[in-house]
1. Once the label point is placed 7 Å from Cα along Cβ, list for A:Arg43 the distances to the corresponding points in the other copies, in nm, shortest first.
2. How many nm is it between the label spots at A:Lys93 and B:Lys222, if each spot is 7 Å from the Cα in line with the beta carbon?
3. Straight-line reach from A:Lys33: which lysines have Cα under 16 Å away, leaving out those fewer than 8 places along the same chain?
4. Over the whole of A:40-48, what's the average partner chain Cβ count within 10 Å per residue? Rounded to a whole number, please.
5. If you line up the Cα atoms of region B:94-236 on their principal axes, what length do they span on each, largest first, in Å?
6. Where the label is 7 Å out from Cα toward Cβ, how close does A:Glu227 come to the same position in every other copy, in nm, shortest first?
7. Residues in region A:145-182 near a label at B:His211, defined as backbone nitrogen under 16 Å from the 7 Å Cα→Cβ point?
8. Looking at this model, which pairs from B:Lys93/B:Lys222; A:Lys202/B:Lys152; B:Lys76/B:Lys114; A:Lys48/B:Lys48; B:Lys119/B:Lys152 are more than 24 angstrom apart at the alpha-carbon?
Protein chains: 2
Amino acid sequence: MVETQPNVETDPCGDLLDHVRRGRPAAGQDPVKRSQIIEGARRVFIDKGFEAASMNDITREASVSKGTIYVYFANKEELFEALIEEERGTIFKNMYDVLDNADDLRETLVKFGKVLALKITSAKVIQAQRTVIGASDRIPELGARFYERGPKRGHDKVAAFLDAAIERGLLRIDDVDLAAYQFTELCLAGLFRQCIFAYRTKAPGQDEIDHIVRSGVGMFLKTYGTENLAAEESHQTIAIEARP
Amino acid sequence: MVETQPNVETDPCGDLLDHVRRGRPAAGQDPVKRSQIIEGARRVFIDKGFEAASMNDITREASVSKGTIYVYFANKEELFEALIEEERGTIFKNMYDVLDNADDLRETLVKFGKVLALKITSAKVIQAQRTVIGASDRIPELGARFYERGPKRGHDKVAAFLDAAIERGLLRIDDVDLAAYQFTELCLAGLFRQCIFAYRTKAPGQDEIDHIVRSGVGMFLKTYGTENLAAEESHQTIAIEARP
DNA sequence: GTGCAATCGAACCGATTGGTTCGAATTATT
DNA sequence: AATAATTCGAACCAATCGGTTCGATTGCAC
């Protein structure tokens with residue numbers, strides 16, 4: 001009984017209704033309908049951008065009446081934010097699982113780098129990012145929030161992974177934060193900007209990504225890896241005799 | 001005489017008037033007025049995006065009548081393209097001059113990297129890029145053209161510079177194209193995405209850029225530099241190497 | 001001065017915008 | 001079947017959109 005008639009007064013999902021909660025008990029609790037609206041909004045927003053998209057388009061695309069949409073979302077901007085929030089979730093979901101498995105450092109980095117590059121440059125994700133970036137000019141908080149809960153969170157995971165590797169004596173890094181950025185950028189070398197500016201019309205293929213990532217990881221390990229370090233240091237003792 | 005009455009029939013700047021050239025002699029030849037329009041367009045487009053910007057805003061901002069604007073530019077899109085073309089020009093102008101001076105390899109790379117990072121992440125340029133990216137969803141050719149005549153051209157210059165360094169025996173690179181991308185990305189490590197998503201509200205400072213670039217250049221030279229190579233090779237001959 | 005091209009400025013076009021309202025229709029609970 | 005909640009769908013709002021037109025005004029060249 002409780003389930004059939006959603007209890008609005010004690011609804012845990014309150015943050016969705018802050019604006020609606022007035023005299024009338026708020027409708028807009030059906031998650032199915034909500035998804036339906038967002039799905040329509042996705043199609044429209046993603047391929048027209050925030051400004052060019054019209055609520056009427058979304059109405060049409062979602063097969064939901066305009067009035068209903070305004071029951072679920074206060075206005076266009078709020079609907080857009082909800083969409084982006086969901087997109088962000090699906091984009092970055094499970095992306096960092098590879099990092100939990102830490103057999104071989106090099107292969108783990110390669111595996112993760114490939115997943116990263118593949119995701120970030122996929123047509124769908126690029127379109128979504130374009131939409132967010134375009135809107136960030138007028139709604140900076142939206143872009144910031146997207147970055148914070150998406151790329152930033154991923155960056156932190158990478159940094160944590162590097163920290164663990166340092167702990168294990170596999171890496172030697174002075175600025176872990178910077179190193180994490182460097183690793184990420186090396187995996188995307190050139191791809192992100194090419195894609196985001198529509199210079200590339202198609203997402204890069206597996207083979208190309210593999211080539212880039214392996215090269216990047218090589219570069220990364222050559223700088224921060226401790227593998228060759230012992231040898232390298234023993235080597236430098238020839239030149240630097242000042243050591244006790 | 002010729003100057004006061006621009007000769008429309010043999011006008012060299014024909015591509016601007018293709019749409020106007022009908023019965024009436026085309027106006028819209030005054031470069032000053034043209035700049036005036038574009039300057040107004042810049043302010044409006046940059047801070048509202050393509051869709052949200054209105055021709056009336058531009059009219060107001062440029063202090064030019066609407067009719068006149070349409071004498072100079074066929075429509076909104078064409079005006080926007082002209083603006084972007086100009087922006088692109090000013091952004092990338094002189095950016096690569098540093099590469100012509102090739103005293104010390106490391107310092108040249110550092111110097112260039114700093115210029116690059118400083119430009120790309122400056123508030124003005126970030127805003128412009130956001131506008132282009134946002135519009136690239138609907139007008140992909142525009143983004144592609146921007147990239148092609150901007151970042152791409154720069155990338156080619158970097159690659160050429162690396163080629164020259166290889167020629168001089170200072171670098172050893174198998175995939176120069178990739179290396180050029182890697183270098184660029186290392187110089188921007190994290191900055192570009194943070195800025196473009198408005199996660200950073202301010203452009204990075206000189207000190208931060210210096211730190212990033214020096215680290216990146218170090219990484220780059222450690223991988224591709226021939227400085228330590230001789231020593232390293234004599235060392236590695238023990239362990240390696242199936243590669244030609 | 002005279003003439004003429006360029007610009008102005010305002011009105012106008014049809015279409016569309018985000019947003020609101022409300023009675024009718026639908027749906028499910030009891 | 002009765003009841004209550006929810007959604008629908010259409011009409012409506014003032015505002016704005018890009019784009020066009022045209023007569024009045026300006027300013028420069030002769």
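1. List, nearest first: 4.1 nm.
2. That separation, rounded to one decimal, is 3.8 nm.
3. A:Lys66
4. On the way: counts 0, 0, 0, 0, 0, 0, 1, 2, 3.
What the average comes to for A:40-48 is 1.
5. Taking max minus min along each principal axis of the Cα atoms, region B:94-236 gives 55, 32, 29 Å.
6. Copy-to-copy label distances at A:Glu227, shortest first: 2.2 nm.
7. A:173-182
8. Details: B:Lys93/B:Lys222 30 Å; A:Lys202/B:Lys152 17 Å; B:Lys76/B:Lys114 36 Å; A:Lys48/B:Lys48 15 Å; B:Lys119/B:Lys152 15 Å.
Checking Cα-Cα distances, B:Lys93/B:Lys222; B:Lys76/B:Lys114 exceed 24 Å.
Just so you know, all these numbers are worked out from the coordinates, no wet-lab data involved. Keep in mind that what you see is a predicted model, and the values were worked out from it rather than measured. Virtual Cβ from ideal backbone geometry, glycine too; neighbours counted across all protein chains shown.
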